[in-house]
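Pasting a structure here, questions to come.
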Amino acid sequence: MAAASGPIVVMKRYEMKYIMTEEQTEYFKRSIEGYMKEDKYGLCSIASLYYDTPNYRLIRTSIEKPPFKEKIRLRSYGIATDSSPVFLELKRKAYGIVYKRRVQSTIPLVNKFFYGEGDICAGGQINREITTFRDYYKTLVPACLIIYDRIAYFQPDGDLRLTIDHDPRYRFEQLDLTTSMKGNSLLKKGHTILEVKVQQAVPLWLSAILTKGKIYKGSFSKYGEAYKHQLIEAQKERK
């Protein structure tokens, strides 16, 4: 299997999540002006196709909140085609620290990889980690599609990154990055997900903004919440 060309990225950082109301979102955006800059892409629609075992082993384990958990997903920016770049990401979290391995590829090459046909990229440590992950779980299939509209911010001369996800949504059918960006809502209308991503400590000015806005850290997994929603709907149908 030929490897797709493109960047391979390794990330290690702390990630904190906050659910914000519409009013808190507007307050937060105003408050970070002067500290953070919006990235050049502006509001961008992102779709992440999560792979799991047929019995949802990965997400069931994650929901139990163990000290170590891991997921694998295929991400596209906007609706993908067979030739457009997509990004296969192996994400692990251990004792609060997130480790992410990311490689650029295409949908046909990723499909071959999950069928067990060769490597995902041209050798090296990241290739070994992703391939070992696939081989350990043996059968990994498309399980859930998560979609949201994201605005990303970066700190000039710093490592702080912020993202605000609007209208997070999901679906368990049409598990295809080439189909549409539609899905069932995960949050109340107007609510957003703030993610703070930093390699060191959260700066004091950001802590002050969060405290003043009564924006409190929580635990929120988009795939995990979607899986819970799906279980609730399945239980309703059985009644």
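Can you tell which of LEU162, LEU145 is under 18 Å from TRP205 (Cβ atoms) and of a type in the set (A, V, I, L, M)? Give the steps one after another, and end with the answer.
On the way: LEU145 fails: under 18 Å from TRP205 (Cβ atoms).
Result: LEU162 is the single residue among LEU162, LEU145 that is under 18 Å from TRP205 (Cβ atoms) and of a type in the set (A, V, I, L, M).
Could you grab me the full set of residues in the range 142-156 that are within 19 Å of PHE114 (Cα to Cα) and among the small types (Gly, Ala, Ser)?
ALA143 - this is the single residue of the range 142-156 that is within 19 Å of PHE114 (Cα to Cα) and among the small types (Gly, Ala, Ser).
Which of the residues belonging to the range 190-216 are over 21 Å from the mean Cα position of the chain (by Cα) and of a type in the set (Ser, Thr, Tyr)?
SER207, THR211
What pairs come up if the first residue lies in the range 99-114 and is within 19 Å of ASP176 (Cα to Cα), the second is of a type in the set (Phe, Trp, Tyr), and their beta carbons are under 6 Å apart, counting only those six or more places apart or on different chains?
GLN104/PHE87
Here is a list: GLY124, GLY158. Which entry is in contact (Cβ under 8 Å) with a residue 60 or more places away in the chain and exposed (fewer than 15 other Cβ atoms within 10 Å of the Cβ)?
GLY124
Here are some residues: LEU74, LEU49. Which one is in contact with a helix residue (DSSP H, G or I) (Cβ under 8 Å, 6 or more places away or on another chain), surrounded by 13 or more Cβ atoms within 10 Å (Cβ to Cβ) and at pLDDT 95 or above? Walk me through how you get there before you give the answer.
Values: LEU49 fails: in contact with a helix residue (DSSP H, G or I) (Cβ under 8 Å, 6 or more places away or on another chain).
Going through LEU74, LEU49 in turn, the sole match is LEU74.
With the condition kept exactly as written, say whether any residue in the range 174-189 is within 30 Å of THR53 (Cα to Cα), at pLDDT 95 or above, within 13 Å of the chain's Cα centre (by Cα) and not in a helix (DSSP H, G or I).
Looking through the range 174-189, none of the residues is within 30 Å of THR53 (Cα to Cα), at pLDDT 95 or above, within 13 Å of the chain's Cα centre (by Cα) and not in a helix (DSSP H, G or I).
Further question: Which members of the range 77-105 meet the condition of being touching a helix residue (DSSP H, G or I) at 6+ places or on another chain (Cβ under 7 Å) and either polar (S, T, N, Q) or under 19 Å from GLU195 (Cα atoms) (or both)?
First pass over the range 77-105, keeping only residues touching a helix residue (DSSP H, G or I) at 6+ places or on another chain (Cβ under 7 Å): 80, 82, 86, 88, 90, 101, 103.
Across the range 77-105, the qualifying residues are LEU90, ARG101.
State the number of residues belonging to the range 52-71 that are of a type in the set (Lys, Arg) and surrounded by 21 or more Cβ atoms within 10 Å (Cβ to Cβ).
Start the filter on the range 52-71 by keeping residues that are of a type in the set (Lys, Arg), which leaves 57, 60, 65, 69, 71.
Okay, now just the ones that are also surrounded by 21 or more Cβ atoms within 10 Å (Cβ to Cβ), so 71.
Result for the range 52-71: 1.
Would you confirm whether or not the range 206-216 contains a residue that is farther than 18 Å from ARG75 by Cα, part of a loop (DSSP other than H, G, I, E, B) and among the β-branched types (Val, Ile, Thr)?
Within the range 206-216, the first condition is being farther than 18 Å from ARG75 by Cα, and the residues that meet it are 206-216.
Filter once more, so that each one left must be part of a loop (DSSP other than H, G, I, E, B): 213-216.
If we keep only those that are among the β-branched types (Val, Ile, Thr) as well, we get 215.
Yes: one or more hits.
Run ILE32 past the list (1) at pLDDT 90 or above; (2) of a type in the set (A, V, I, L, M, F, W, C); (3) within 27 Å of LEU175 (Cβ to Cβ) and report the number of the one that doesn't hold.
(3) is the only condition that ILE32 fails.
The values are calculated or read from the model by the stated rules, or taken from the named source; none is laboratory data. Small disclaimer: the values here were computed from a predicted structure and weren't measured. Note: ideal-geometry Cβ built from the backbone for every residue, glycine included; neighbour counts use all protein chains shown.
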